[in-house]
Amino acid sequence: EEEEEEEMVVDPFTVAGKIDYEKLIVNFGSQRISEDLLRRLEKLIVKPGLKLHRFLRRGIFFSHRDLDKICDLLEKKQPFYLYTGRGPSSAAMHLGHLVPFMMTQWLQEAFGVPLVVQMTDDEKFLWKGTYSEKTGFDLDEYRALTVENAKDIVACGFDKERTFIFSDCDYVGAMYPNILKIQKSVTYSQAKGAFGFDGSSNIGQSAFPAVQAAPSFATSFPIPLKNFSSDVSLAPCLIPCAIDQDPYFRVTRDVAHKLVPKAHPLGGKPALVHSKFFPPLTGARGKMSSSTAGGDAPTAVFLTDTPEAIERVIKTHAFSGGRETAKLQRDLGADLDNDVAFQWLTFFLEDDDELDTIRRQYGSGTGHYWNTAAVKAKLVTVLQDIVARHQQNRAAITDLPDWFAVRPLAPPHVLQS
């Protein structure tokens, strides 16, 4: 009962409790992605034969800010650019980290648009970095993790000609004028209210939100977005992210009009699409974390895991919504909302018909997928295939410095057609 009553906490630094996504939409003031909006988006896909991503079909990306206005622009043959990022806190990324990058890769492929990927080595140092008398600060460790994590990002299949990956430590100079304007526009009281800063927060943490906000403005990328249009300051931005990152961009949207010309199609405000959280192995609440993985109860499957490790972790540690006995399972079916194997299949099994079969059979205790073992076995094969392909893609990367090179990206598809 105490577990059921655990308070939901969702902010950029903490995700805990049982997540009520409808309540989050109300609390955050965003909008649900409607079926009508999905149909509009699907009609605007420029790549022949590409259908809506399963994350959109299944409501995994469920909430938005101004996605309808992005559709308005596409209908007028006016482009946008994508912005996403990664805080490099571990050498090995896990499956949950892939979710925003899979969505971003699909958006880039579907609409042929430029992408900027912010590697926040500065953020991770400010929150997790340490100092010792013997070795000094460990900032260089986070800069090294940026390189390793970037390989995993490239392995997701982005268009190199339209993708710029950058480290904040290396690229901050080009963004600094916008960072200053954002810092000048947001009071410390506003920052405290949005991010929960207190007397123990270091001054770098208090200043960091402006660094994460700056890529929302195309003028932070005068060279990478040079081919976007004749006036880069008018380029609108779409950000795919987990909903816990929304507070950063609520603050950004409040001050955005100060950083752009009045003719900007969105008034300078970045548009967003929000994902649900990828649940940890231990149960369908909170989100998967690298920092709590390991030991006897891992909470994650990592992109470096072997097929054997994936099978062992899923079969041993994935929380089951199946019933205590075979008879109860046959009579009642599984609790799908709390069954991790089924929830993970909704993220990673591409075939809608097969997922529906599993939902019906496991939920009713009938057919091939009547029990937990069969569902976990299916998940194991799906994950082994995804991780193996990812590892192959990553091993084939020989041009990583080119992705970090400050150069003009190829123009958006609508400007070439």
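The values are calculated or read from the model by the stated rules, or taken from the named source; none is laboratory data. Please read these numbers as outputs of a predicted model, since none were measured by experiment. Virtual Cβ from ideal backbone geometry, glycine too; neighbours counted across all protein chains shown. Ligands, DNA and RNA are stripped out before the accessible areas are found, and what is left, the full protein with its side chains, is counted by its heavy atoms. Shrake-Rupley method; radii C 1.70, N 1.55, O 1.52, S 1.80 Å.
Structure values in brief
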{"read-out": "Residue match in segment 95-110 (condition: in a loop (DSSP other than H, G, I, E, B) and either free of Cβ contacts under 8 Å to residues at least 12 places away in the same chain or not polar (S, T, N, Q) (or both))", "value": "no"}
{"read-out": "Residue match in segment 323-343 (condition: at pLDDT 95 or above, more than 30 Å from Thr163 (Cα to Cα), among the small types (Gly, Ala, Ser) and not in a helix (DSSP H, G or I))", "value": "yes"}
{"read-out": "Qualifying residue in segment 63-75 (condition: outside any helix (DSSP H, G or I), out of contact with any His (no Cβ under 7 Å at 6 or more places or on another chain) and buried (at least 19 other Cβ atoms within 10 Å of the Cβ))", "value": "yes"}
{"read-out": "Pair list, Cβ under 8 Å, 6 or more apart: segment 76-91 residue free of Cβ contacts under 8 Å to residues at least 12 places away in the same chain, other residue open to solvent by 10 Å² or more (accessible area, probe 1.4 Å)", "value": "none"}
{"read-out": "Of all residues in segment 183-237 being aromatic (Phe, Trp, Tyr) and more than 22 Å from Gln118 (Cα to Cα), the one that is surrounded by the most Cβ atoms within 10 Å (Cβ to Cβ)", "value": "Phe197"}
{"read-out": "Residues that are β-branched (Val, Ile, Thr), surrounded by 19 or more Cβ atoms within 10 Å (Cβ to Cβ) and more than 25 Å from Phe62 (Cα to Cα), drawn from segment 326-374", "value": "Thr372"}
{"read-out": "Matching entry among Val154, Val147 (being open to solvent by 20 Å² or more (accessible area, probe 1.4 Å), of a type outside the set (Phe, Trp, Tyr) and touching a helix residue (DSSP H, G or I) at 6+ places or on another chain (Cβ under 8 Å))", "value": "Val147"}
{"read-out": "Residue within segment 174-196 that is at pLDDT 95 or above and either among the charged types (D, E, K, R) or over 28 Å from Leu259 (Cβ atoms) (or both) present", "value": "yes"}
{"read-out": "Which listed residue is among the β-branched types (Val, Ile, Thr) and part of a helix (DSSP H, G or I), from Thr398, Thr381", "value": "Thr381"}
{"read-out": "Of all residues making up segment 32-43, the number that are open to solvent by 30 Å² or more (accessible area, probe 1.4 Å) and either charged (D, E, K, R) or closer than 24 Å to Asp159 by Cα (or both)", "value": "7"}
{"read-out": "Flag if Val255 is in a helix (DSSP H, G or I), of a type in the set (Val, Ile, Thr), at pLDDT 95 or above and surrounded by 16 or more Cβ atoms within 10 Å (Cβ to Cβ)", "value": "yes"}
{"read-out": "Top-ranked residue in segment 15-31 [being in contact with an Asp or Glu (Cβ under 8 Å, 6 or more places away or on another chain) and modelled with pLDDT under 95; ranked as most open to solvent (accessible area, probe 1.4 Å)]", "value": "Lys18"}
{"read-out": "Which numbered condition Glu350 misses (of (1) among the charged types (D, E, K, R); (2) more than 30 Å from Tyr81 (Cα to Cα); (3) in a loop (DSSP other than H, G, I, E, B))", "value": "(2)"}
{"read-out": "Pro79 in a loop (DSSP other than H, G, I, E, B) and either among the hydrophobic types (A, V, I, L, M, F, W, C) or surrounded by fewer than 18 Cβ atoms within 10 Å (Cβ to Cβ) (or both)", "value": "no"}
{"read-out": "Residues of segment 284-306 that turn out to be surrounded by fewer than 18 Cβ atoms within 10 Å (Cβ to Cβ), modelled with pLDDT under 95 and more than 18 Å from the chain's Cα centre (by Cα), as a count", "value": "5"}
{"read-out": "Condition check for Lys47: closer than 22 Å to Asp159 by Cα, open to solvent by 10 Å² or more (accessible area, probe 1.4 Å) and not in a strand (DSSP E or B)", "value": "yes"}
